[in-house]
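Data block below; observations after.
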Amino acid sequence: MVVRVREISDDEGNRLRRIVHHGQNAIELKRAQVIMASALGFVPPKIAVIAQMSEDYVAS
């Protein structure tokens, strides 16, 4: 079973993009990548590759 984030608003998407492109905090950056990828419909194995994280972490 794949769980995805809810649909994100334009404002939320813009904030996530700013974090991904200009974020200073590594943890916040990784979380933003995971949320954006999930909102775009990617599955955990692909999100893990995008965010360079373990699939187990992404899926939890």
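Provide a single number: the residues in region 1-28 that are of a type in the set (A, V, I, L, M) and in contact with a helix residue (DSSP H, G or I) (Cβ under 6 Å, 6 or more places away or on another chain). Break it down into steps so the answer makes sense when it comes.
Step one: filter region 1-28 for residues of a type in the set (A, V, I, L, M), giving 1-3, 5, 8, 16, 19-20, 26-27.
If we keep only those that are in contact with a helix residue (DSSP H, G or I) (Cβ under 6 Å, 6 or more places away or on another chain) too, we end up with 5, 8, 16, 19-20.
Residues that pass the stated criteria total 5.
If you take the residues of region 1-55 that are hydroxyl-bearing (Ser, Thr, Tyr) and in a loop (DSSP other than H, G, I, E, B), which of them is surrounded by the most Cβ atoms within 10 Å (Cβ to Cβ)? Give the steps one after another, and end with the answer.
Restricting attention to region 1-55, the residues satisfying the condition of being hydroxyl-bearing (Ser, Thr, Tyr) are 9, 38, 54.
Then keep just the ones that are in a loop (DSSP other than H, G, I, E, B); that gives 9, 54.
Numbers: SER9: 9, SER54: 11.
Among them, the one singled out is SER54.
Going by the conditions given, is VAL58 in contact (Cβ under 8 Å) with a residue 24 or more places away in the chain, assigned to a helix (DSSP H, G or I) and surrounded by 10 or more Cβ atoms within 10 Å (Cβ to Cβ)?
yes
Any read-out appearing in this document is the output of simple, stated calculations on the displayed coordinates, not a laboratory observation. Quantities reported herein were computed from a predicted structural model and do not represent experimental measurements. Heads up, the Cβs are rebuilt from the backbone with ideal geometry, glycines too, and the neighbour counts pull from every protein chain shown.
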